[in-house]
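The values are calculated or read from the model by the stated rules, or taken from the named source; none is laboratory data. In this text the structure is predicted, and so the values were computed from the model without any measurement. As a convention, Cβ positions derive from the backbone with ideal geometry for all residues, glycine included, and neighbour counts pool all protein chains shown. Side chains included, ligands, DNA and RNA excluded: accessible areas come from the protein's heavy atoms. Shrake-Rupley method; radii C 1.70, N 1.55, O 1.52, S 1.80 Å.
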Amino acid sequence: MDTQEAKYYLVEAWALPEVIRRSMEAKKLLSTGAAHSINEAIDIAGISRSAFYKYRNAAAPFVEMSTDRIVTLQASLADEPGVLSRLLNTFADCGVSVLTINQNIPQGGQATVTISVRTANMAGDIEALMRRARMLDGVHTLGILAGAV
């Protein structure tokens, strides 16, 4: 960006323009060794060289931004014994350090819980952790509220 201060947003991939998603794909091909040159990566991704250079640093997968960070998650949990405990055990199994937990009083059979975690020792990435946690009985929803340095 020019002289303006940079602004950042956490956006789901589907909401990004196709050219940005393809630029990210080309970057991944290069970083994993699946493509041996920029020309090969952009050919596979189906974008022009100028588009790649324009957008290559404009976006990054959240997992790249979530190593040794504090991430705040919000979950809607069933008002049943052991649900929060199973969720916290899943976090511990993945090497996530729980920093804070804030649970609202359950209403309508479910409770909203906000959990801040440190990802420094996390095994895998935040997306894998969330997929695993969402599969637990009693976890209705789980999403990312914020991420910080």
Item to complete: Mind listing whichever residues of the range 23-41 are over 25 Å from the mean Cα position of the chain (by Cα) and of a type outside the set (S, T, Y)?
Response: H36, I38, N39, E40
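Given the options L73, L142, L136, name the one that is open to solvent by less than 50 Å² (accessible area, probe 1.4 Å), of a type outside the set (F, W, Y) and either in contact with a Pro (Cβ under 7 Å, 6 or more places away or on another chain) or over 20 Å from L10 (Cβ atoms) (or both).
Selected residue: L136, the only one of L73, L142, L136 that is open to solvent by less than 50 Å² (accessible area, probe 1.4 Å), of a type outside the set (F, W, Y) and either in contact with a Pro (Cβ under 7 Å, 6 or more places away or on another chain) or over 20 Å from L10 (Cβ atoms) (or both).
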Worksheet entry | Residues located in the range 55-64, provided they are modelled with pLDDT under 80 and surrounded by fewer than 16 Cβ atoms within 10 Å (Cβ to Cβ) | A60, P61, V63, E64
Item to complete: Sort out which residues of the range 105-120 are in contact with an Asp or Glu (Cβ under 7 Å, 6 or more places away or on another chain), modelled with pLDDT of 90 or more and buried (at least 17 other Cβ atoms within 10 Å of the Cβ), and write them in order of number.
Response: Q110, A111
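What number of residues within the range 65-95 are of a type in the set (V, I, T) and at pLDDT 90 or above? Let's see the steps before the verdict.
Just the residues of the range 65-95 that are of a type in the set (V, I, T), to begin with: 67, 70-72, 83, 90.
Now restrict to residues that are at pLDDT 90 or above: 83, 90.
Within the range 65-95, residues that are of a type in the set (V, I, T) and at pLDDT 90 or above number 2.
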Practice prompt. Show the residue pairs that are 6+ apart or on different chains and have beta-carbon atoms under 7 Å apart, the first residue being within the range 77-95 and β-branched (V, I, T), the second being open to solvent by 90 Å² or more (accessible area, probe 1.4 Å).
Written response: T90/R132
